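Nothing in this text is a laboratory measurement; each read-out follows from the coordinates by a stated rule. Values in this document were obtained by computation on a predicted structure and should not be read as measured data. Note: ideal-geometry Cβ built from the backbone for every residue, glycine included; neighbour counts use all protein chains shown.
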Amino acid sequence: MNSTIQEVTQRIIERSKDSRAAYLAKVDKARRQGPHRGVLSCGNLAHGFAACNASDKNALTNMVKSNIAIVSSYNDMLSAHQPYEAYPQQIKEAIASVGGVAQFAGGVPAMCDGVTQGNPGMDLSLMSRDIIAQAAAIALSHNMFDGTLMLGICDKIVPGLLMGALSFGHLPTVFVPAGPMPSGIPNKEKARVRQAYAEGKVGREELLEAESKSYHSAGTCTFYGTANSNQLIVEIMGLHLPGASFINPGTELRHALTDAAAKQVTRLTDLGTEYTPISKIVDAKSIVNGLVGLLATGGSTNHTMHMIAVARAAGYYLTWDDFSDISKSVPLLTRIYPNGSADINHFNAAGGMALLFKMLLEAGLLHNDVTTICGQGLEKYTQEPALEDGQLVWKTGPTESFDKEVVASVETPFKPDGGLSVLSGNLGRGVIKTSAMREGTSTITAPAVVFEDQFELDAAFKSGDLDKDCIVVVRFQGPKAIGMPELHRLTPPLGVLQDKGYKVALVTDGRMSGASGKVPAAIHVTPEAYDGGMLARVQNGDMIELDAATGALNLLISDEELNARQPKQANLENHQEGMGRELFTGTRGLLTGAEEGACSLFASQEQVL
């Protein structure tokens with residue numbers, strides 16, 4: 001086992017000793033009552049199965065059959081969630097075939113950053129994660145269930161569902177993916193058209209045509225953003241069936257895997273002999289495994305917040321230093337857009353999850369002494385699913401990559417590290433994703449060009465005011481200010497400037513994206529400008545040092561001058577009302593800093609760090 005991985009795991013365990021013990025005590029107390037519908041009054045229980053057929057009512061009355069909750073993010077506007085429309089009936093039939101009962105317990109909201117990017121609704125995006133966790137808890141609060149099937153895919157949905165499931169840690173939980181859409185136009189071509197549009201070389205008609213050919217059918221977007229990072233992490237943590245993450249919707253294999261996931265959760269309930277609650281699966285080792293998988297594949301920077309919040313839901317405290325130290329020990333093994341030109345389907349064809357598990361296990365980079373929904377250890381996950389005579393089987397996975405431009409090896413990785421670094425200095429702490437950046441762009445010292453709002457950048461770009469070496473500062477984008485929207489719309493203009501030969505970078509207390517790419521970006525800077533951060537004191541023309549190699553993020557003025565400056569006051573009138581944003585005023589005020597997960601559900605972790 002890699003010594004750094006061991007050391008990081010152990011310090012997480014030690015740091016979280018009291019909080020994890022308190023979490024497990026809560027789980028044990030919930031379990032001791034047995035199947036919860038057994039303690040309901042007759043009136044409560046009658047309400048709980050009033051709509052069931054006679055056979056299911058009898059089964060739920062006698063407590064001899066497991067009752068599985070279905071919690072879904074289905075909606076038919078968003079491609080990733082549309083396939084879930086038919087899942088509840090399929091799941092009910094699959095569970096009935098093995099003598100169980102399933103009820104649709106509740107739906108959770110699912111919004112898409114791709115639709116809301118650069119629009120008012122985007123200010124609700126990150127906060128929706130905590131609402132999803134709460135909605136999942138409400139769905140499970142009826143005390144009717146022996147296990148849970150969580151149906152979710154995209155950015156905030158899976159972390160939210162996972163946090164909600166962990167609050168019911170005594171219940172076995174299986175996550176059920178729906179898979180990515182088939183490949184559309186190449187990601188490189190999509191990026192070219194976007195950048196050409198930013199330069200005014202093509203119009204909206206050409207841009208929409210390219211986007212429509214990229215996002216063209218039901219299923220998850222095929223680039224390696226937060227949605228597909230979610231699926232990879234959940235599988236590496238042992239909450240998916242092996243190889244389930246990246247099978248396309250509408251295929252026979254996808255259908256068979258959904259049936260198998262439904263049946264599997266019935267084997268794990270407290271009514272049988274293989275009781276495996278989610279609290280047993282999600283421990284410090286499985287969380288670290290998730291981070292290893294994320295960093296070895298150059299996954300989404302959003303998880304520097306999501307995984308901290310997920311870990312906190314299980315009683316653990318993570319820090320960005322944990323991410324950084326793991327990143328230094330984990331080689332970059334994949335090139336998937338934006339960290340390359342391939343998409344997630346190409347990754348799956350090149351060897352996919354089975355090969356990734358095999359390489360990481362052989363290199364001693366994954367804890368193998370973990371519990372999964374399939375039992376002990378991760379060897380099962382080095383196999384891949386297939387259909388033989390219509391039956392689902394798992395076969396030995398590939399032993400080497402079928403496309404070394406997409407999946408490398410531990411011996412000859414694309415980079416010796418995972419490409420995520422922590423930055424710190426007098427501007428605060430932030431993170432930077434270097435895995436997709438060009439050689440020689442990770443260090444820059446240049447004058448600041450300061451914006452209070454992401455939309456101000458467009459005019460400066462179009463007027464030519466940014467045609468120079470510069471570090472663009474976009475502040476008052478943090479959690480407490482406006483909910484921390486993604487700023488992915490800044491990528492094309494900044495990419496144009498970089499292609500013109502200028503040295504440019506971004507520094508912000510907002511998020512970029514799971515699709516952040518070639519432009520160096522110090523993101524999630526904390527403390528945020530709105531909450532006392534030094535970003536509020538930066539002025540146009542100030543020299544800023546951003547150095548991913550040394551981890552420096554500094555405003556190059558004296559401490560005396562910095563502290564003497566009066567912080568700029570935020571003008572947020574365009575961000576806190578309209579499009580429902582006024583309903584989230586209380587939530588914004590509760591959000592912690594980015595390194596604490598930007599979360600409204602748990603107390604601050606400062607006292608344990």
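Computed from point charges on the beta carbon alone (+1 for Lys and Arg, -1 for Asp and Glu), the dipole magnitude for the stretch 20-164 about its Cα centre is near 720 Debye. Summed over all non-identical Cα pairs, the Kirkwood treatment of the chain gives a radius of 24.6 Å. Relative to its residue count, the stretch 202-245 spans a Cα convex hull of 75 Å³ per residue.
Scanning residues 5 or more positions from THR434 or on other chains, those with amide H under 5 Å from its amide H are LEU420, SER421, with H placed 1.01 Å from N in the peptide plane. Using the Cβ-Cβ distance between LEU387 and HIS216 with R0 set to 35 Å, the FRET efficiency works out to roughly 0.85.
Under 5 Å from the amide H of GLY147 lie the amide H atoms of ASN67, ALA69, each residue being 5 or more positions distant or on a separate chain, with H modelled from the backbone and absent for Pro and chain starts. In whole percent, what relative contact order does the stretch 420-599 give with Cα contacts below 8 Å and a gap of six or more residues? Dividing the mean separation by the residue count of the stretch 420-599 yields 28 percent.
Here the gap between SER463 and HIS47, fully extended at 0.36 nm per residue and compared with their Cα-Cα distance, gives a gain of 143.3 nm. Ordering ALA564, ALA459, ALA448 by Cα displacement along the dipole of the stretch 420-599 toward the positive end leaves ALA459 in first place; charges were set at the Cβ atoms of Lys, Arg (+1) and Asp, Glu (-1). Shown for MET484, MET144: other C-beta atoms within 10 Å of each C-beta, ranked fewest to most, produce the order MET144, MET484.
Around the amide H of ASP403, modelled in the peptide plane, lies no amide H under 5 Å away from a residue 5 or more places distant or on another chain.
Here the scattering of the stretch 420-599 is modelled by Debye summation over its C-alpha atoms, one equal scatterer each and no solvent; at q = 0.10, 0.12, 0.13, 0.19 Å⁻¹ the log10 of I(q)/I(0) is -0.35, -0.51, -0.61, -1.32.
What whole number of Å gives the distance from the Cα centroid of the stretch 155-221 to the Cα centroid of the stretch 117-151? Taking the Cα centre of the stretch 155-221 as reference, the centre of the stretch 117-151 is 19 Å away. Each residue in THR396, THR173, THR4 was given a count of other beta-carbon atoms within 10 angstrom of its own, and listing them fewest first yields THR396, THR4, THR173.
Across the stretch 406-423, computed HN-Hα scalar couplings (Karplus, 6.51 cos²θ - 1.76 cosθ + 1.60, θ = phi - 60°) run 10, 10, 8, 10, 5, 6, 10, x, 5, 8, x, 10, x, x, 10, 10, 9, 10 Hz from first to last residue, x flagging Gly and Pro. Approximating the spin labels as points 7 Å out from Cα along Cα→Cβ, the GLN569-to-TYR275 distance works out to 5.9 nm. Seen against the Cα atoms of the chain and their longest principal axis, helix 226-236 is set at about 50 degrees.
Between the residues ALA137, ILE344, PHE602, the greatest Cα displacement towards the positive end of the dipole of the chain, with unit charges on the Cβ of Lys, Arg, Asp and Glu, is found for ALA137. Per-residue Karplus couplings for the stretch 6-11, computed as 6.51 cos²θ - 1.76 cosθ + 1.60 with θ equal to phi - 60°, are listed in order as 4, 5, 4, 4, 5, 6 Hz, Gly and Pro entered as x.
All other residues with a Cβ under 14 Å from the Cβ of PHE104 taken together, and with Lys, Arg as +1 and Asp, Glu as -1, what is their net charge? Here the count lands on -2. Note on GLU189 and ASP531: the extension gain reaches 119.1 nm, defined as 0.36 nm multiplied by sequence separation minus the Cα-Cα distance.
Each DSSP beta bridge with both residues in the chain is either parallel or antiparallel, and the antiparallel ones are about 50%. Across the stretch 437-442, rounded Karplus estimates of 3J(HN,Hα) from the backbone phi angles (6.51 cos²θ - 1.76 cosθ + 1.60, θ = phi - 60°) give 7, 6, 4, x, 9, 7 Hz, Gly and Pro being marked x.
Arranged from fewest to most other beta-carbon atoms within 10 Å of their beta carbon, VAL98, VAL176, VAL193 become VAL98, VAL193, VAL176. Think of it as helices only: each DSSP H run of n ≥ 4 in the chain is worth -39500 (n - 2.57), and spread over all residues that comes to -10500 deg cm²/dmol at 222 nm.
Taking the inverse of the mean reciprocal distance over all distinct Cα pairs, the Kirkwood hydrodynamic radius of the stretch 528-571 comes to 11.4 Å. Within the shell defined by Cβ-Cβ distances under 14 Å, the residues around ASN554 carry a net charge of -3, with Lys and Arg each +1 and Asp and Glu each -1. Find the relative contact order for the chain and round it to a whole percent, using C-alpha pairs within less than 8 Å whose residues are 6+ positions apart. 15 percent. Of all the Cα-Cα pairs you can form in the stretch 383-508, what percent are over 26 Å apart? The share of Cα pairs beyond 26 Å in the stretch 383-508 comes to 44 percent.
Computed from Cα atoms, the angle from the helix 125-140 axis to the main principal axis of the chain rounds to 10 degrees. Here the simple spin-label model places points 7 Å from the Cα toward Cβ, and for THR585 and ASN75 these points are separated by 2.4 nm. Taking label positions 7 Å along the Cα-Cβ direction at both GLU577 and THR441, the computed distance is 4.1 nm, reported to one decimal.
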